[in-house]
Amino acid sequence: MFKLSEIKELIKLVDQTSLQELEIESEGTRLLLRKPNKTEQYVVVAAPAQQAFAPVVSQRPQTAVAAVQAPAPAAEAPAAANANLHTIVSPMVGTFYESPSPGAAPFVSKGDQVREKTIVCIIEAMKLMNEIEAEVKGEIVEVLVENGQLVEYGQPLFLVKPE
């Protein structure tokens with residue numbers, strides 16, 4: 001049987017790689033992780049190894065352990081105010097760091113100008129430091145997370161007013 005912590009770690013691994021699907025069999029239990037498209041959810045399925053699998057998309061298996069939905073966007077602010085802003089989102093689950101090292105100045109702050117390749121933060125995932133770039137040219141309007149905060153896949157990190 002798989003432990004919840006093991007399943008969570010496997011979800012993180014699949015999320016951070018180009019794998020679209022991972023299937024593991026252990027001690028008579030089969031675990032299937034399938035990466036979501038933009039419109040579908042993560043689906044985690046555990047079933048006895050001797051059972052045949054039907055496609056997960058077409059029907060739900062009898063022994064579903066957990067279905068973890070991709071995080072919903074943060075509570076929407078007034079649509080008119082944020083309609084022209086670009087949101088930089090976390091590409092992975094990890095810890096948000098605003099600076100390259102403790103005590104150093106933040107990569108960016110509210111009001112700073114950024115370009116597409118400007119590093120805005122670091123997301124630490126599994127002891128790897130991943131530099132996150134601005135993606136657009138513009139001005140940082142708001143930093144949405146705190147230094148050292150755990151962030152989820154797809155969680156908004158910054159609002160940028162594009163030029």
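Read the figures in this text as sums done on the coordinates, not as results from a lab. Please read all numbers here as calculations on a predicted model, not as lab measurements. Reconstructed Cβ throughout: ideal geometry from the backbone, glycine too, with neighbour counts over all protein chains shown.
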In nm, to one decimal, how far is the residue 20 label point from the residue 101 one, both placed 7 Å along Cα→Cβ? 4.3 nm
With a 24 Å threshold on alpha-carbon distance, the violating pairs from 12/127; 8/117; 12/110 are 8/117; 12/110
Regarding the range 80-124, what are the three Cα extents along the principal axes, ordered largest first, in Å? 37, 24, 19
Could you check the simple spin-label distance between residue 27 and residue 126, using points 7 Å along Cα→Cβ, in nm with one decimal? 2.2 nm
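Nearest 0.05, what FRET efficiency do residue 142 and residue 12 give at R0 = 35 Å with Cβ-Cβ as r? If you can, show how the numbers build up before the last one.
Values: r = 27 Å, r/R0 = 0.77.
Efficiency computed from Cβ-Cβ geometry: 0.80.
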